1. Which pairs do you get when a residue that is within 14 Å of chain C (Cβ to nearest Cβ), found in the stretch B:113-137, comes within reach of a residue that is assigned to a strand (DSSP E or B) and among the polar types (S, T, N, Q), reach meaning Cβ atoms under 6 angstrom, with the pair 6+ apart or on two chains?
2. Filter the stretch B:104-149 for residues that are acidic (Asp, Glu) and within 14 Å of B:Ala35 (Cα to Cα) and give the result.
3. Restricting attention to the stretch B:1-19, report how many residues are touching a residue at least 40 places away in the same chain (Cβ under 8 Å) and either of a type in the set (Gly, Ala, Ser) or at the interface with chain A (Cβ under 9 Å from one of its Cβ atoms) (or both).
4. Is it true that B:Glu158 is assigned by TED's automatic domain parsing to the domain that holds B:Val214, out of contact with any Lys or Arg (no Cβ under 6 Å at 6 or more places or on another chain), in a strand (DSSP E or B) and closer than 30 Å to B:Glu207 by Cα?
5. Consider B:Glu122 carefully, then state whether it is surrounded by fewer than 21 Cβ atoms within 10 Å (Cβ to Cβ), assigned to a loop (DSSP other than H, G, I, E, B) and acidic (Asp, Glu).
6. Hey, could you check the stretch B:50-62 for residues that are in contact (Cβ under 8 Å) with a residue 24 or more places away in the chain and under 18 Å from B:Ser98 (Cβ atoms) and say which is surrounded by the most Cβ atoms within 10 Å (Cβ to Cβ)?
7. Is it true that B:Gly67 is surrounded by fewer than 22 Cβ atoms within 10 Å (Cβ to Cβ), at the interface with another protein chain (Cβ under 9 Å from one of its Cβ atoms) and not in a loop (DSSP other than H, G, I, E, B)?
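The values are calculated or read from the model by the stated rules, or taken from the named source; none is laboratory data. Source: prediction; values computed, not measured. Neighbour counts are summed over all protein chains in view; Cβ atoms, including those assigned to glycine, are modelled from backbone coordinates with ideal geometry.
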Amino acid sequence: MELRVIDKTDEELRIEIGGEDHTFMNVLKGELLQTDTVTAATYDVNPEQSGGQTDPVLSIKTESGVDPLDALAEAARGVQRTADDFTDAYRAGIDA
Amino acid sequence: MVNDFQVEFIEREDRRARFVARGLTPALANGIRRAMVADVPTFSIDTVRFVENTSVMFDEMIGLRLGLVPLTTPLDDFEPGDTVTVALEVDGPATAYSGDIESADDMVVPADENIPIIELKEGQRLEFEADAVLGYGKDHAKNQGGVAVGYRHLQRVEVVGDAGEFDEQEPNILRGVIEEAAAEHAEGDAEDGDLVATETFGNDLTERYPGKEVEVHDVPEAFVFSVETDGSFDVDELVTRAVASLGDRAAELEEKVAL
Amino acid sequence: MMIPVRCFTCGTVIGEHWDEFKARAREGDEDPAEVLDDLGVTRACCRRMMVSHKDLVDVVSPYQ
């Protein structure tokens, strides 16, 4: 996973996340959109056949006073929690 | 954000399972599905060195068939990219089966033993040595551990009234799993909240609620996953590994963002 | 020529069941549909792999 910041202001971030695809990006975007301090989040990927930029570019906009990089880190923690919680729920389902 | 996931199994065997998962967003459901197909590695034969092949098939055709044979994959003991050497030697007249493949490692063996590789006639012979590589489904379909993995919405069937007395009742086909919401009208024993696979009533709602008019709604945030594996590992391993792969990537992202 | 190892559509391993299917439904006189149900080959995509297959090794082997 290679990160490359394309644009960064106090409330906006555009960042390229190398080597990832819809599998992770959509989950991450979903997590960002459920964060109160994030006002907008989306990502864009071009298909491999298109040539050119094929790594996903994530765009985040936050409320003033919140660093979008912090919001991204928080969302990354959120996805880890989600994954752990789901695994626990799955194990509980097996035992039930 | 607090997650409140619930998983309930409808069927659960080694290689196939169906379960209802509640409390997840569509994004997460799709992420898990995609991860099961592409991001859980399995062993698969990748390079074949033929010593002798006098069968009716070309080396390449046999190589293709070998790649598709599922091999058991203990993921705790191997890293992606690891190789295990396997070999096969069969003299005709006989059929070479996947079970004839000898492996250098007892943990990585063909998951199914009765897959015919090639039928050999009198005087024909097949001998080769091959490398099985632990690779990702993202890179080659032969490495996909999940087979026919999918999900659909859990559906809730409500009885809204009686069908017209003189109407011919046409079949009302629905496939998947329903959440019982009109137990008093259902045929047989039923309780509200039961999860019922539609096969049990011939996928036809008029069989279960005769003479009733029903409405079907998707249950939000509830997904019925149906998961099968090719035998490389069991379903539980596939699901937990897929979910863990999402968590691992999030951990990597968090670490890189912090820098 | 030989039964494909996997179903073309869904990727389930079907080669595993060929010998039994052949013995019971082709050479035996059981109902193919019942044999397939019994073997756990449930989807239409996998069933057609078995039902429509013809072994051709005997046909091509004289021409090597």
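1. Final answer for the pair search is B:Pro116/B:Thr95; B:Glu119/B:Thr95; B:Leu126/B:Asn53.
2. B:Asp139, the sole residue that qualifies.
3. Qualifying residue count for the region: 4.
4. Here the answer is yes, as B:Glu158 does meet what is asked.
5. Numbers: surrounded by fewer than 21 Cβ atoms within 10 Å (Cβ to Cβ): yes; assigned to a loop (DSSP other than H, G, I, E, B): yes; acidic (Asp, Glu): yes.
Against the criterion (surrounded by fewer than 21 Cβ atoms within 10 Å (Cβ to Cβ), assigned to a loop (DSSP other than H, G, I, E, B) and acidic (Asp, Glu)), B:Glu122 qualifies.
6. In the first step, residues of the stretch B:50-62 are kept if they are in contact (Cβ under 8 Å) with a residue 24 or more places away in the chain; the result is B:50-57, B:62.
Checking the rest, the ones that are also under 18 Å from B:Ser98 (Cβ atoms) come to B:50, B:53, B:55, B:57, B:62.
Working: B:Phe50: 13, B:Asn53: 20, B:Ser55: 24, B:Met57: 19, B:Ile62: 21.
Here the answer is B:Ser55.
7. In short, yes.
Condition check ((1) outside any helix (DSSP H, G or I); (2) within 14 Å of chain B (Cβ to nearest Cβ)) across all residues:
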site: A:Glu20; (1), (2): yes, yes
site: A:Lys29; (1), (2): no, yes
site: A:Leu32; (1), (2): no, yes
site: A:Gly52; (1), (2): yes, no
site: A:Leu69; (1), (2): no, yes
